[in-house]
Structures are given as structure tokens and as C-alpha cells.
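The values are calculated or read from the model by the stated rules, or taken from the named source; none is laboratory data. Everything quoted here is computed from the prediction, not taken from an experiment. Methodologically, a virtual Cβ is constructed for each residue, glycine included, from the backbone with ideal geometry; neighbour enumeration extends over all protein chains shown. Each accessible area value is taken on the protein alone, full model and side chains, heavy atoms only, with ligands, DNA and RNA left out. Shrake-Rupley method; radii C 1.70, N 1.55, O 1.52, S 1.80 Å.
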Amino acid sequence: MVYRWNLTGSGLEFPTPYQVENRFLTLRGYALLALALIAFAVATFVSPGEAADPVASVDKLPEYGEAWPHVLGAFFMAGLGILNLVQASRQQVLVMIPGQPASLMSEVAHEATGASPSAQGLMQAMNKGTLALRSTVGAYASWLARLSPATGSAGTTVQNYLRARFSHVLMLVGMGLILALGVVFAKLSARPEGIHWWSLMVGLVTGGVLIRHLLDLESPGWVPWKVALAWALALALALPLAWFAADLPLVERWPRLGLPTSVAFLLALGLVLELLALLAARSQISTAQTAKLVHETASVNFEVELSKFFTEVDRELFRRWAEGIPNRRYVRQPPVVAAGTEEGAFTAVVLEESQPLVPPPFGEAGINRTSSVWLLSLGVLGLALTVVGGALWIWSAVAHLLDGSASWASTPLGLVCLLGGGYAISIGHLLWSRVESGSSLIWLELKGTYFRLAPTPLAAAGGGRQKVDNSAGVEDLNLKACVVHARSAFYAAARHTVGSRVLISLEADRPGTQHWTGAIQTLARSAGLSAAAVAPDLLAARAKARERRAGDLTGQAAPKRPARFCSSCGTPLLAGARFCQQCGTTVITD
């Protein structure tokens, strides 16, 4: 897998997850353009002269329809087709700007110190090897829990998507009951013409709510009380119009539109599409999987200035950035040597995550591995509805042009099918954008005790100010390293906010863990204090500090025999040494 920064900006190009959706959009776009061309040809060339010798009488002459509504319909279909083709062309490459996808939790700045509030849960998961399931809260929480026990851990994007589906199902069922109530009202009130206005209001309110959601697929839909307001709005608009329908203009032409049938079909079709989308989203919810994780530990003793040593650890982390992109830092607690103390304990913790990238097993062909049969059925149904809707519109154009008194019932049905086909493909856009990425979680923890090697201020070179030597001897440093491969999922079409990307599996990375245990020991040795660069009087002070420390630990007095130093470089000699361990000079024994 090759990633490259976009040449037009600071964006990293990923393989597109919209490969299948782009095929549906392209097929629908060309189908709409072909249907629009046929509708335009029908409106242009079908004329009264082509009628098959209509029978006319003196009191009833043949009536022919006008072509302009069907020309507008042709332009409408052509416009929808162009929009689909433009959308498919814009989804050929997925560009992620710096900071995308979102981090698993709030980050800690690289120059700052602290921990993310959610870091403890991640560290527990890395320690125990299990990811705890979260409970669902908010609107429709009980419905989400019944849908899948892992819904709470599926991320905010999926939860909002499911909430929108539940709210739409609730609204469509309620609108269906309101439409049935309109039929009863028309019969009981002896106002049969009122059902057409009643149906029109129900259809407009329903269509407005669904189209509004298409403008923001991430919105969680309406809570139940807002859905009830939509029902009340439909009733408030439909009831007075149905009551005074007989007094409204053109009342005799409304039955020709067949609105009750079209609106009933709209509600049934919308319910089917919402249920398919609900099942498609459910198929993308999976329980997080973990394997037995590996923790490597080591114990080392060295003399080093702790702050400089931790800086070297930071630099090593920088050198191992994925694709040169900064790691996401969740915890950074450097070691602290308290001022005025000669000894104490310290703890240093670092938890970082590398840039999420699409690993080779989930590359070009498998970037969207959850294209379930439900999601595919939405695309197929969208194409079928598009063709049926265009055919109904063309058939209505031919019938109306030849006979102006013909019914318009097929035109609203065709419009519902055309819009329903677009809705079927658009409602799956968010689900098509699902991307599975891989990253590395690096957890380093250092615990130990320290004692100052030179607790008194030292004169700076050249005189003047005094400086404090913060070098310390570190005893029993326990190093704990844990590196895991983390597989996570996010939705490229959604906003990249904390909670939009979730972990779906954790796997041990033994080579990475072993690398860090060895690297930190190497850093400790390389950052250790060099005796050749230290003044002999300071070396003597350090030797005394070690002797005092050894006596404190053993409960015995320090050795009476004075410490020995190399006559050449001043390095403190080991007990019984015959050669200097620093420069190799022969030691003169007493």
C-alpha cells in the first residue's frame, strides 16, 4: 500500500471506499439521462397528428395535452442524472487532511504534560486484553440495545444513523395511520374530495422530513416528541383543507392525480427503505475482538539526568512516526525529581497511537469489507425504482399528449419512484464510507527510585550564576512496554470528531514490544553520564553518594576503605579492579 500527500494540499490520499457506490451512481446517472432523452423526444415528436384517428362527435371534440410539463420532467431527470455523475466523479479518491481520522479520545499536546480522561480505559484494555462494552444512552436507547448489545461501542456515527432510522420508521408508521384517518374522515363527512388534499399534506410533510435528513446524514433524527410535532403539523394542515375541499378551485381535476395512492406508496416505500438501511447498519456493528497481549518488562540501573533521558525517549517516538505523521498522544507523564530532595521514587508514562492507515490486508479490494446484502439491496432497489419511475413518467407523457383528459395518476407515482430511487442510494452513502484502518498503540511505563549524585549547587563555567546538577542515580528501574496492533473503523463521510472512530480489535505486536524494551535500555546506556567529561571532584562526590546509598540500603555502615579513583581519568574504580573500566589504565594496587 502506497500513500502519498496530495499535490494540491496537505492531504494524505487513501484508497476510496466508494467503489461500489460509484458504480450505482454511474449507472443511475446514465439511466436518468437516457430516460430524460426519451421523455424529451416524446414531448417533441408525439403530437395530435399521430393520434390513431380519434372518434369525435359534435358535442365532444378530442382534447390533447400540453407538452411543457413533460419537457420540465425531462430536464428534471437529466438534472438528477448529472448530479449522480458529478458525485461519482468526486469520490474517486479519498483525501484525509492532517488530524483525520479522529483520535480515539482527546489528545495531549506533544509539549504538554497530562493524560486524556479516557486513557485509563484504553490502558486497562491493553492490560487485560478485553474491550468493555459501553451502554447506550439518549433517545431510542432501548431500541438500540435490542438491535445489538454492541451498539454502545459502535461509535457516535453509527448510533446517530440508527437513531435517524428509528425516528423515520416511527414517523412513517404514524403518517400511515393519519392517512388512514383521512380516508375514514372523507367517508364519514361525505366529502370524498377532501382525501386528495389530506393526502397532499401528509405527503409534503413526510417528504420534507426525509429530504431534510438527506442534507445531513449524520443527524440523529428527531426525538419522539419532535416526531409527534410532525404528526400534529400534518393533521393541522390536512384537516381544514379536507373540510373546505369542495370550495377550493379546480376541485374536479384533483381526482385525476391519484394522490392517495401515490402517498400510500410513498409511505410504504419509505418504510421498506428505512428497514433495509437499519439492517445494513446493524451488519456493520461487531463486538470488539482481542487476543492475548504481550507485556515486556526489564530492570536496569544507570546514572543519567532523568529529564534528558525522557527527552531521548520522545525523540525515539518521533523517529518512528508512521508516514512522517505525528502520533496521537494520550498520556505523557515525565519523571519528576523533586527539588530539595536527595532521593525518591518516580513514574513516567507515555501512551501514543500512530497515524491510522489502511493496512495491506484491507487494501484496494477490501477497504469496505462490510458491504452486506442489505446495503447492496439498497443500491439495486434504487436503480430499479429509477427505471420504473422514468418509465411511468414517459408512459404518462404519451397518454396525456394523445388524450388531454387522461389520468395523471402515473405521474405522481413516477415522481415517487424517481425520488425514492435517489433516496435509496443516498441513504446508504454513509455506510459505504466505512473504512477499516490499522495503527500501533505504544504504552511505555517506567518506575523506579532515584538518588541525587550531587545535591549541592555547582559553579557554572566562567563564574557567575550557580546551577544545580540534576543528575541522579537510578535504581531498580522497572520498564514495562506494550505495543499492539489496533484495528479501528471510521466513516469518511462523517465529521471526524472524538468518538467517530472506534476500536474493533487489538492484536499483540511482540517484535514492536521487544524493540522498545531494547531501545530504552540502549538509550539509558547512551545517555548515561560519561566519567571522562566530569571533573574529578564531582566524581568523588558521586562515589560518596553511592557509598551512602549502599549503606542505607543494607543497614550497615559504609565501607571504611576509601574509594579508589583512576589516576588518569578520575573514574571511580570497582572493588578489586586491576584496570580502569573507563580508559584501561593499569591500577597501582596497595
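Residue-wise test of (1) open to solvent by 10 Å² or more (accessible area, probe 1.4 Å); (2) among the aliphatic types (A, V, I, L, M); (3) over 22 Å from Gly81 (Cα atoms).
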position: Gly389; (1), (2), (3): no, no, no
position: Trp395; (1), (2), (3): yes, no, no
position: His400; (1), (2), (3): yes, no, yes
position: Pro412; (1), (2), (3): yes, no, no
position: Leu415; (1), (2), (3): yes, yes, no
position: Leu418; (1), (2), (3): no, yes, no
position: Tyr423; (1), (2), (3): yes, no, no
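Go through the stretch 487-522 and report how many residues are part of a loop (DSSP other than H, G, I, E, B), surrounded by fewer than 19 Cβ atoms within 10 Å (Cβ to Cβ) and of a type in the set (Lys, Arg).
1
Return the residue satisfying two criteria in turn: it lies in the stretch 102-116 and is assigned to a loop (DSSP other than H, G, I, E, B) and of a type in the set (A, V, I, L, M), and of such residues it is surrounded by the most Cβ atoms within 10 Å (Cβ to Cβ). Please lay out each step first, then the result.
Pass one, the stretch 102-116, residues assigned to a loop (DSSP other than H, G, I, E, B): 102-113, 116.
Subset that is of a type in the set (A, V, I, L, M): 102, 104-105, 108-109, 112.
Details: Ala102: 20, Leu104: 25, Met105: 19, Val108: 21, Ala109: 9, Ala112: 9.
Per the stated criteria, the residue is Leu104.
Looking at the stretch 157-197 only, could you name the residues that are surrounded by fewer than 18 Cβ atoms within 10 Å (Cβ to Cβ) and either β-branched (Val, Ile, Thr) or at positive phi (or both)?
Passing the criteria: Val173, Val183, Val184, Ala190.
Can you confirm whether Val42 is at pLDDT below 80, hydrophobic (A, V, I, L, M, F, W, C), touching a helix residue (DSSP H, G or I) at 6+ places or on another chain (Cβ under 8 Å) and surrounded by 12 or more Cβ atoms within 10 Å (Cβ to Cβ)?
Numbers: at pLDDT below 80: no; hydrophobic (A, V, I, L, M, F, W, C): yes; touching a helix residue (DSSP H, G or I) at 6+ places or on another chain (Cβ under 8 Å): yes; surrounded by 12 or more Cβ atoms within 10 Å (Cβ to Cβ): yes.
Answer is no for this residue.
For Val95, only one of the following conditions fails: (1) in a loop (DSSP other than H, G, I, E, B); (2) of a type outside the set (Asp, Glu); (3) open to solvent by 40 Å² or more (accessible area, probe 1.4 Å). What is its number?
(1)
How many residues does the stretch 149-166 hold that are touching a helix residue (DSSP H, G or I) at 6+ places or on another chain (Cβ under 6 Å) and hydroxyl-bearing (Ser, Thr, Tyr)?
Adding up the residues that qualify gives 2.
Check off (1) in contact with an Asp or Glu (Cβ under 7 Å, 6 or more places away or on another chain); (2) at pLDDT below 90; (3) open to solvent by less than 10 Å² (accessible area, probe 1.4 Å); (4) in a strand (DSSP E or B) for Leu441 and give me the number that stays unchecked.
(2)
What number of residues within the stretch 122-152 are of a type in the set (Gly, Ala, Ser), modelled with pLDDT under 85 and outside any loop (DSSP other than H, G, I, E, B)?
Of the residues in that region, 2 qualify.
Yes or no: Arg495 closer than 25 Å to Phe318 by Cα and either under 42 Å from the mean Cα position of the chain (by Cα) or modelled with pLDDT of 80 or more (or both)?
Working: closer than 25 Å to Phe318 by Cα: no; either under 42 Å from the mean Cα position of the chain (by Cα) or modelled with pLDDT of 80 or more (or both): yes.
When the stated conditions are applied, Arg495 does not pass them.
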